[in-house]
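Below is one structure, written out as structure tokens, with a few remarks after it.
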Amino acid sequence: MNTSITDPVLTGHMKQMLDAQLAFVTTVTDERTPHVAPKGSLNAWSETELWFHDTQAGQTLANIRAGSLVEVAVVDREQRNGYRFLGAPVVHDDGPVFEEAARRRAERGKSAPEAVVVVRLQHIESFRPLTTPEA
């Protein structure tokens, strides 16, 4: 049973989980086939947005450019807890958001991404019933 969080604002607990656990991003192809991909770069961009770097310009980015929404799942297996985030993505191929991502990657000795995706949250669900940990 999932618990819906009506106000799509990231809590401290959600941000900690995004920092510590591998997140999986789901998009949908033109044929309405789900596409799931791990995104090690996914993290909080603001209190109401997530972001990730796309380094391969693969199916995830193609689906987003074609209009797919994004759903993110992150789970702490040991705690048997996690969240599902649904939102509308915006692709940044240049500009301040892209430059910030490129700077962060360069600090780790990595090349600039193909694109940066910022996901404006529309809905959050907890995988743990009746539990909404606060900051």
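The values are calculated or read from the model by the stated rules, or taken from the named source; none is laboratory data. This is a predicted model, so every value here is computed, not measured. For neighbour counting, all protein chains shown are included, and Cβ atoms are generated from backbone atoms with ideal geometry for every residue, glycine included.
A few notes on this one:
- Residue in segment 56-69 that is modelled with pLDDT of 95 or more and part of a strand (DSSP E or B) present: no
- Screening His35 on (1) in contact with a helix residue (DSSP H, G or I) (Cβ under 6 Å, 6 or more places away or on another chain); (2) free of Cβ contacts under 8 Å to residues at least 40 places away in the same chain; (3) not in a strand (DSSP E or B) shows it passes everything except condition (3).
- Among residues of segment 44-75 being closer than 11 Å to Met14 by Cβ and touching a strand residue (DSSP E or B) at 6+ places or on another chain (Cβ under 7 Å), the one that is surrounded by the most Cβ atoms within 10 Å (Cβ to Cβ) is Leu50.
- For segment 76-96, taking the residues that are not in a strand (DSSP E or B) and not small (Gly, Ala, Ser), the one that is surrounded by the most Cβ atoms within 10 Å (Cβ to Cβ) is identified as Asp93.
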